[in-house]
Structures are given as structure tokens and as C-alpha cells.
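Beneath this line is the structure, given in C-alpha cells, with notes to follow.
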Amino acid sequence: MTGDGGAAITGMSPRKSIRDVPGTPPPFRPYYSTAVRVSAGDLLYISGQVAWDDQGRVVGVGDGPAQARQAFDNVGRILAAHGASWQDLLKVTVFVTDFGWFDELSALRERLFPAHGPASTIVQVAGLVQPELLIEVEAVAVVG
């Protein structure tokens, strides 16, 4: 099945379609897609989530994978509160202060997005809002 511009639709959900575009490189990892198109619904923009628990305390000081689990857990709670799921994510941007634990982060993301993941960017930054924070995750989802 093809969509606009000859892009092959490789995965479908009620609210979005995943597109692989001929002539472009495949995704570097399986947990994200090159392009995602909204089929229906409203957009939910999720502000950057860090490793704060519901009391505002940093979880996993010095432990990147633990902080990633907390940040993504926060995203998951926000999605659920809006009647959405991981499959409704269109775009995820991940900011890390160090790529030294990239494999662990990739493994977490592969569990969350085993196929037809959102469009994605990961960027190394010099720091986040608190010096003990190692990761921040922002996202866009289609809801409703």
C-alpha cells in the first residue's frame, strides 16, 4: 500500500500511519520510524519529562537507565490520562547528557516500541534543568 509521494505504509493504527519513503535510508534502530502521518484526532504535545517522581524527587541519581525508565513512565502516565497509548506517539525527542548508556536506552525503547515506532531524535546536551538529571523526553501524540 502506498500513500502520498509513493511512501509505503508499513504500519497502521487508528490514528496514525507509518511511512517508509523510497530513496531514503532505513531507521538506524527498529524503535522509530522515518516518518509518521496523522490520520485522525487531536495532537497532544508532552513537555520534556525527566526522572522526577510524583513528589518532584529525582529517581536514579547517577543511573541513566533508571532515569530513562522514570522519564518514559511519566510520558506513559500522561498518554494514559489523555486516552492514548505508546502506539499513538508521533514524535519523540530524547535529550541525554552522555551516550555511555545508549545500549540500555535503546533496549528500553525497543520494549516500548517493538515495531512501527514514532519519528525520533536523540541529542546529547551539556546539561539539563538539574545537574543530576541525565535524560529528558518530550513527545507528540495523536489523541481523541
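Tabulated data for the structure shown
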{"read-out": "Residue list for the stretch 114-136, filter: closer than 12 Å to residue 52 by Cβ, surrounded by 11 or more Cβ atoms within 10 Å (Cβ to Cβ) and of a type in the set (A, V, I, L, M)", "value": "128, 133, 135"}
{"read-out": "Hits in the stretch 100-144 (condition: more than 21 Å from residue 43 (Cα to Cα) and acidic (Asp, Glu))", "value": "103, 104, 110, 132"}
{"read-out": "Test: residue in the stretch 122-131 that is outside any helix (DSSP H, G or I), under 13 Å from the mean Cα position of the chain (by Cα) and closer than 20 Å to residue 14 by Cα", "value": "no"}
{"read-out": "So residue 59, is it of a type in the set (Val, Ile, Thr) and touching a residue at least 60 places away in the same chain (Cβ under 8 Å)", "value": "no"}
{"read-out": "Verdict on residue 77 being under 15 Å from the mean Cα position of the chain (by Cα) and among the basic types (Lys, Arg)", "value": "yes"}
{"read-out": "Yes/no for residue 50 being without any contact (Cβ under 8 Å) to a residue 24 or more places away in the chain, on the phi < 0 side of the Ramachandran plot and of a type in the set (Val, Ile, Thr)", "value": "no"}
{"read-out": "Strands (runs of 3 or more DSSP E) completely within the stretch 14-84 that count 1 or more residues being of a type in the set (Lys, Arg) and either at pLDDT 95 or above or in contact with a strand residue (DSSP E or B) (Cβ under 7 Å, 6 or more places away or on another chain) (or both)", "value": "16-20, 35-38"}
{"read-out": "Test for residue 109: is it without any contact (Cβ under 8 Å) to a residue 40 or more places away in the chain, under 15 Å from the mean Cα position of the chain (by Cα) and in a helix (DSSP H, G or I)", "value": "no"}
{"read-out": "So residue 94, is it within 20 Å of residue 65 (Cβ to Cβ), assigned to a strand (DSSP E or B) and in contact with a strand residue (DSSP E or B) (Cβ under 9 Å, 6 or more places away or on another chain)", "value": "yes"}
{"read-out": "Leading residue by the ranking (modelled with the lowest pLDDT) among those in the stretch 85-105 that are surrounded by fewer than 15 Cβ atoms within 10 Å (Cβ to Cβ) and not charged (D, E, K, R)", "value": "85"}
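The values are calculated or read from the model by the stated rules, or taken from the named source; none is laboratory data. Nothing here was measured: the structure is a model prediction, and the numbers come from that model. Positions of Cβ are backbone-derived with ideal geometry, glycine not excepted, and every protein chain shown enters the neighbour counts.
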